[in-house]
Structures are given as structure tokens and as C-alpha cells.
Amino acid sequence: MIKLENVNKVYRTERVETLALENINLDVAPGEFVSVMGPSGCGKSTLLNLIGLLDAPTKGKLSIENTAINGAGDGKLARFRNEKLGFVFQSFHLVPDLRVVDNVEIPLLYRRMSGGERRKLATKALERVGLSSRVHHFPTQLSGGQQQRAAIARAIVGRPRILLADEPTGNLDSAMGEEIMSILHDLNQNDGTTIVMVTHDERFARRTDRIVRLFDGRQVA
Amino acid sequence: MRTNLKLALKILGRRKFFTFISLFGISLTLIVLMVATAVLDNVFAPREPEQNFDRVLGVYNVTQTGKNGTMSMNPGFGFLDKYVRPLRGIEAFGMTTEPISTATYVGGARVDVALRRTDGGFWQILRFRFLQGRPFTKAEDDSGARVAVITDELAQKLFAGAPALGKTIAIQGDTFRVIGVVPAVAITREVAWGEMWVPIGTTPSSEYRHQFTGNFIGLVMARDRADLPRIRRDFDAVMARVPVEDPKAFDTLHCHLETTFESFVRPFVRNASQQNGTLIVRGVIGVLALLFMALPALNLVTINLSRILERSSEIGVRKAFGAPRRALVWQFVTENVVLTLIGGIIAFALSAAAIAALNQATIFPNLRFDLNLRIFGYGMLLAIVFGFLSGVYPAWRMSTLHPVNALRGGAQ
């Protein structure tokens with residue numbers, strides 16, 4: 001499903017060159033729930049950004065669903081992200097000027113689809129995460145847990161095969177974190193969604209199929 | 001597109017302070033441009049009594065050049081009568097003098113009068129709305145009948161509200177009987193403006209009938225606008241054969257059949273061809289308008305650029321969920337154009353108030369500016385240009401943000 005072969009990521013500035021990831025090899029099977037752990041600055045988010053096609057590897061090969069991604073242009077990458085990937089961020093990244101339902105519709109704006117159909121799918125996704133009563137609220141009118149649920153609705157509204165979650169419980173208390181984790185497990189088990197989740201929380205990581213551990217940009221487990 | 005429009009309205013509605021600041025700058029700029037457009041429209045667009053002027057051309061000037069210099073004057077009656085009146089396939093030909101400043105006396109008090117001498121054709125081409133009476137005819141002109149058409153304003157000055165028809169006015173040693181009263185005309189109407197019109201045939205001496213140059217304007221009305229190029233070609237062919245007035249002093253003659261706008265721009269672009277001259281002046285006006293818009297547009301560009309930081313998370317999210325660069329550019333440009341269009345509508349409303357104040361101020365007698373659909377159209381066009389000017393660069397900058405940096409909230 002997701003394959004990284006000898007992937008390196010180097011960040012260069014005028015003076016400094018930082019090796020963020022070194023020789024990463026990772027193979028995620030369809031329907032697998034993988035968590036990525038490691039101390040701060042070890043390259044977890046960088047790895048997720050590479051898998052999410054938000055950033056490009058400096059060296060190595062990356063393929064998703066047997067399609068090599070290296071060297072693809074902006075249009076192709078955008079289409080790929082839109083159709084295959086969904087993102088959940090630690091700080092939710094809901095657009096504050098838009099109502100919850102409009103936020104959830106965002107991925108569908110870049111598909112050929114009528115407004116009515118978009119609204120129907122967005123409402124359904126919100127129902128799935130238990131937010132049907134907050135459809136017309138603005139993000140600031142929601143609790144943290146509700147905001148993250150709205151963000152998950154946005155991530156799944158386009159029915160992507162892969163969900164990438166960057167510390168989805170990082171900004172939530174444990175009860176809300178549990179809520180979010182149960183939604184992710186539900187998506188994984190009932191819809192067969194492949195999930196790669198970056199987390200600091202060992203409890204949540206242990207409940208996933210596999211833990212990938214990083215240290216100083218290297219894969220240690 | 002519809003989604004972008006709805007989105008733009010939502011965002012603008014939520015960002016009230018930004019929207020207010022931006023609309024303030026946009027509206028202020030567009031008000032000035034709309035008022036300027038209204039002034040230009042008042043001067044050059046076909047309006048009563050020049051409503052036929054979209055198919056009227058005039059001979060305003062005869063220029064003769066020789067080794068000792070250039071002489072530029074209005075055409076004379078003889079010149080117009082001999083070379084312009086016989087043009088084929090026209091609906092009407094008319095002549096008028098330039099306004100002559102003269103005076104009459106009422107109870108010993110001097111009343112200044114702008115007098116024009118015209119022929120019968122003039123009244124066919126200019127469609128004055130007669131409040132009382134009628135215009136004079138070709139027969140009355142030919143016979144030198146002492147009749148006059150005056151403005152309601154002059155009638156008020158001379159007869160203090162009493163019916164003017166049949167009353168007489170003593171002017172330049174002659175006495176004229178009023179046969180028509182028309183509404184006063186704005187001074188900006190080059191051909192129509194005057195206060196009193198009398199037949200050319202009442203001119204004291206007949207010498208004018210043979211003059212090559214003088215103080216006349218010749219008017220040619222086509223049956224249809226489509227005939228104008230042919231009439232111009234015919235006229236140019238005639239002019240190519242016309243000898244200069246005095247071959248000892250001059251060797252070339254330039255005379256054009258032109259619109260009032262072309263005659264206005266001619267002094268500024270003397271060396272250019274007729275069409276090029278108009279284009280140059282239109283271009284200069286366009287560039288001036290653009291320059292005038294440039295400053296507030298730059299201001300809006302700056303505000304928009306500073307908003308990149310504020311909206312970087314949104315940009316990152318949109319990119320992450322599959323927005324290609326061009327979709328983001330369109331989204332932000334649409335937002336900006338919607339903003340400027342709203343500014344345009346506000347500016348139109350405020351311009352109406354400004355123009356009402358201008359009309360009240362009576363800086364120029366009888367000058368009435370108004371805002372019509374054409375000006376509204378120009379205003380909206382200006383707003384769209386303004387929107388693009390100030391929107392494209394920030395939109396492009398926003399669209400090129402790296403998604404990871406954007407999600408981190410940085411604009412690098």
C-alpha cells in the first residue's frame with residue numbers, strides 16, 4: 001500500500017544541512033494501522049509529510065498503491081492527495097471562517113461534484129463522527145474533541161484509502177483522546193482504511209497493528 | 001466558480017475589519033474614477049441635444065502649413081459650402097458659427113449673450129427639445145429672416161418669466177423675433193452650447209460666403225453609423241484635391257472630418273493620424289486611470305500579502321486535501337474581485353451623492369453630470385481591473401507556499 005525504499009530527507013539552508021531522515025525502509029500493508037513513535041525532532045512528522053506527499057524525499061523511492069511518486073508535478077500530486085489520502089492534524093487546522101460543514105466539504109471542492117452532492121457527503125461524514133448536531137457551527141464554537149472529530153470527518157469525506165494522522169490526540173485530554181482513537185479504530189476495522197499515525201502516547205500506539213520507532217532520523221524498530 | 005463566489009462572500013463577511021479597510025480604499029479610488037468618467041461622459045458621449053452625434057462628424061479645423069509656419073483656423077462658410085455640403089450619401093449637412101460673445105440691454109442693464117449663427121440643417125442634426133415654438137427653417141435662413149431661438153435661461157433674464165415667443169431682442173444692430181425656446185445647454189457641449197441662435201443669412205456682410213477660413217463648424221450626419229468610414233474616405237478624397245488658400249504662404253492643407261472627441265484630442269497629437277491620435281489619448285487616459293488605481297492596488301496587495309501568514313494554515317489544509325495551485329489562485333483572485341466589485345457598487349452609490357453635490361455647486365452653468373448604466377458598466381470594469389491588479393500577485397504567492405510550511409503557520 002505504502003512503500004518507502006532507502007528514503008533520505010535532508011533540509012538545507014545557506015549554512016546548515018540537516019539530515020532529518022536516513023535510509024528509511026517501510027512497507028505498510030492495505031488495512032494496516034501503523035503508529036510512528038519517537039522523541040521530538042526524530043523525524044516522525046517528516047516521515048508522515050513524505051507519505052502524505054506534502055514533501056519530497058531527497059533520496060530514495062516512495063510509492064503508494066504501486067505508483068511511484070518521485071518527480072510527480074503539482075497537479076498530479078494534488079490529484080493523488082485528493083483521491084487517495086486523508087489528513088488529521090494535531091492542531092485540527094479547521095478554517096475558522098467556515099462553518100463545520102463547509103470545512104468538511106473542502107476535499108470535495110477539488111472534485112467534479114455538485115454542491116448538493118458535496119453537502120450530502122459532508123453531512124454523512126459528520127454523522128459518522130457523531131457531529132450531526134454541530135453542522136452549522138463555526139470551529140471556535142466547538143470543544144477540542146469536537147474540532148478533531150470535524151477534522152476526521154473532513155479527512156474521510158472523500159473516502160480515501162489511506163489516513164495520515166499527525167498526533168491526533170496531542171491537543172486533547174485523555175477522554176477526548178479515547179474518543180478520537182475509537183473513531184480511528186472504527187475506520188480501520190470497519191472500512192479497511194489504512195492508517196499511519198504519529199503519536200507520543202504509548203497506550204494508543206500499543207493498540208495499533210505495528211509500531212515504527214524513529215531515533216535521530218533513523219528507523220530503530 | 002459559484003463555490004468560490006460563495007466562499008468569498010463567507011470569508012469577507014467573517015473578516016469584517018479587513019473587509020471594511022479594503023472597501024474603504026477601493027471605494028474612495030473608484031469614486032474619483034467614476035466621477036471623472038461621468039465628467040468625460042458628459043462632455044463626449046452623445047447626449048441631448050447631441051443625441052445623434054454617434055453618427056455625426058464635424059469639420060472643426062483647417063490647418064495650412066508652409067515654410068513660414070502653420071495657420072490653424074476654423075473653416076469658413078465658403079470652404080464648407082463648396083467642399084463639405086456636396087458630400088454624397090449623407091442625411092443632413094449643417095453649419096454653425098462658434099459662439100460669439102455679444103450683449104443686449106434690458107432696461108439699461110447689460111445682458112451678455114453667447115450668439116451662434118446657424119443654418120436650417122443645424123436644427124436637423126441637433127435635436128433640441130423645444131419648450132416653446134420651433135426652430136428656424138432653411139427658407140428663413142436663405143431669406144435672412146430676423147428670427148431667433150433662445151434658451152429658457154436667457155428668456156428668463158430678458159423677459160422675467162413672461163412668454164418669450166413673439167418678443168424681440170435687439171442685438172448687434174438688428175432686431176430678432178423669438179420663435180423658439182429651448183432648455184439651456186451645458187458649456188461643455190462644444191457644438192450645441194449657446195444662448196441665442198439666429199440664421200446665418202442675417203450676417204450683416206455677405207463677405208463670409210466666400211471665406212476659406214473663418215469661425216464656422218461644419219456638421220455631417222450619416223444615415224447610419226456604418227456609413228461613417230465611407231463618408232470620411234469621400235471627404236479625404238475631396239480634401240486631397242483642395243488647393244491651399246494662399247499658395248505663396250502655404251503648401252499643404254490638413255482638414256479632417258471628425259468626432260468631437262477626435263477634434264478635442266487633435267491639438268495633443270498633431271502629428272499622429274486621426275485613428276492613432278484617438279488611440280493615444282484613450283491610452284493616456286487609460287494609463288492615468290491605471291496609475292491612479294496603482295497606489296490603492298499596491299496597498300491592497302500589501303494587505304493581502306500580510307494575510308498570507310494569517311491564512312497559511314488554510315492554504316496548507318487546502319493543499320493537503322488536493323487543491324492544485326491554479327485552484328488556489330482562482331479562489332483568492334475571486335475573493336479579491338468580489339471585494340472590489342462590492343467596493344464598486346458602494347463607490348457607485350457614493351459617486352451619485354458626489355455628483356448630486358457637484359450639480360448643486362453649479363461650477364459650470366447648466367452642466368449636469370449624471371450616472372447612467374454606461375458609467376456603472378465602466379465603474380464595474382474598473383473594479384474588476386482593480387481586483388485583478390491587486391489580487392493576482394498575492395494569490396500567486398499564496399498558491400506557491402510549501403504545504404508543510406503553510407501548515408506550520410509560516411509563509412516562507
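Please treat every number below as a calculation from the coordinates, not as lab data. None of the values given here were measured: they were computed from a predicted structure. Every residue, glycine among them, receives a Cβ derived from its backbone with ideal geometry; neighbour counts consider all protein chains shown.
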| What aspartates and glutamates could a cross-link reach from B:Lys138, if we take a straight Cα to Cα line under 18 Å and drop same-chain neighbours fewer than 8 places away? | B:Asp81, B:Glu91, B:Asp119
| remark: Note on the protein assembly as shown, DSSP bridge orientation, antiparallel percent to nearest 5 equals 70 percent
| query | Cα extents of chain B along the three principal axes, largest first, in whole Å? | reply | 90, 54, 37
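Note down the net charge around A:Phe138, summing +1 for each Lys or Arg and -1 for each Asp or Glu among other residues with Cβ under 11 Å from its Cβ.
+2
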| field | Centroid-to-centroid separation of region A:1-75 and region B:131-182 [C-alpha atoms, Å] | value | 93 Å
| field | Dipole magnitude of the protein assembly as shown, debye to nearest 20 (Cβ charges: Lys/Arg +1, Asp/Glu -1, about Cα centre) | value | 1160 debye
| query | From the phi of every residue in region B:62-73, what ³J(HN,Hα) in whole Hz does the Karplus formula 6.51 cos²θ - 1.76 cosθ + 1.60 yield, where θ is phi - 60° and glycine or proline is x? | reply | 10, 10, 10, 10, x, 5, 8, x, 10, 10, 10, 9
| query | Which cross-chain or sequence-distant (5 or more) residues have an amide H under 5 Å from the amide H of A:Gly86, H modelled 1.01 Å from N in plane? | reply | A:Ile162, A:Leu163, A:Leu164
| request: Taking H placed 1.01 Å from N in the peptide plane, check which residues at least 5 places from B:Leu131 or on another chain put their amide H under 5 Å from its amide H. | output: B:Val181, B:Val182
| Rounded to 5, the percent of DSSP beta bridges in region B:90-244 classed as antiparallel | 70 percent
| note | For chain A, longest principal axis from Cα atoms; helix A:174-191 axis from its Cα atoms; angle between them, nearest 10 degrees, is 90 degrees
| query | Once the principal axes of the Cα atoms of region B:302-412 are found, what is the range along each, listed largest first in whole angstroms? | reply | 65, 21, 16
| Dipole of chain B [Lys/Arg +1, Asp/Glu -1 at C-beta], most positive-end residue of B:Thr118, B:Leu28, B:Pro163 | B:Leu28
| As computed over region A:58-146, the Cα convex hull volume per residue (Å³) | 138 Å³
| Mind checking the alpha-carbon convex hull of region A:109-190 and giving the volume per residue in Å³? | 107 Å³
| note | Honestly region B:129-203 on the Cα gyration tensor test (a ≥ b ≥ c root eigenvalues; a/c under 1.5 rounded, otherwise a/b vs b/c for prolate or oblate) is just oblate
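With N set to the number of residues, divide the alpha-carbon radius of gyration of the protein assembly as shown by 2.2 N^0.38 Å and report two decimals.
Rounded to two decimals, the normalised Rg is 1.51.
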| said: For Cα pairs less than 8 Å apart in space and 6+ apart in sequence, what is the mean separation divided by the residue count of chain B, i.e. the relative contact order in percent? | reply: 25 percent
| Computed over region B:61-257, Kirkwood Rh from alpha-carbon pairs, angstrom | 18.0 Å
| message | Cα atoms only: what Rg and Dmax, in Å, come out for region A:2-219? | response | 17.2, 52
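Find the Cα radius of gyration of region B:234-393, compare it with 2.2 N^0.38 Å by division, and give the number to two decimals.
Values: Rg = 24.5 Å, N = 160, 2.2 N^0.38 = 15.1 Å.
Normalised Rg, Cα atoms only: 1.62.
Place a +1 charge on the Cβ of each Lys and Arg in region B:61-257 and a -1 charge on the Cβ of each Asp and Glu, then give the dipole magnitude about the Cα centre in debye, rounded to the nearest 20.
300 debye
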| field | Hz values of 3J(HN,Hα) by residue in region B:128-133 - Karplus curve (6.51, -1.76, 1.60), Gly and Pro given as x | value | 5, 8, 7, 7, 9, x
| query | In whole angstrom, and with the biggest value first, how far do the Cα coordinates of region B:52-158 range along each principal axis? | reply | 53, 37, 29
| ³J(HN,Hα) across region A:140-146 via Karplus (A = 6.51, B = -1.76, C = 1.60, θ = phi - 60°), whole Hz, x for Gly/Pro? | 5, 8, 10, 6, x, x, 5
| remark: From the cross-link list B:Lys82/B:Lys167; A:Lys61/B:Lys319; A:Lys76/B:Lys6; A:Lys124/B:Lys6; A:Lys76/B:Lys319, the entries with a Cα-Cα span beyond 24 Å are B:Lys82/B:Lys167; A:Lys76/B:Lys6
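When DSSP beta bridges are limited to those with both residues in region A:2-219, what percentage is antiparallel, rounded to the nearest 5?
50 percent
Around B:Val39, what is the net charge, scoring Lys/Arg as +1 and Asp/Glu as -1 over all other residues with Cβ under 12 Å from its Cβ? Working shown, then result.
Values: positive: B:Arg368; negative: B:Asp41, B:Asp370.
So the surrounding residues net to -1.
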| message | Less than 14 Å Cβ to Cβ from A:Ser91, Lys/Arg counted +1 and Asp/Glu -1: what total charge do the surrounding residues give? | response | -1
| Over all distinct alpha-carbon pairs, what is the Kirkwood Rh of region B:212-306 in angstrom? | 16.9 Å
| If you look at just the Cα atoms of region B:155-275, how large are its Rg and its Dmax in Å? | 19.3, 56
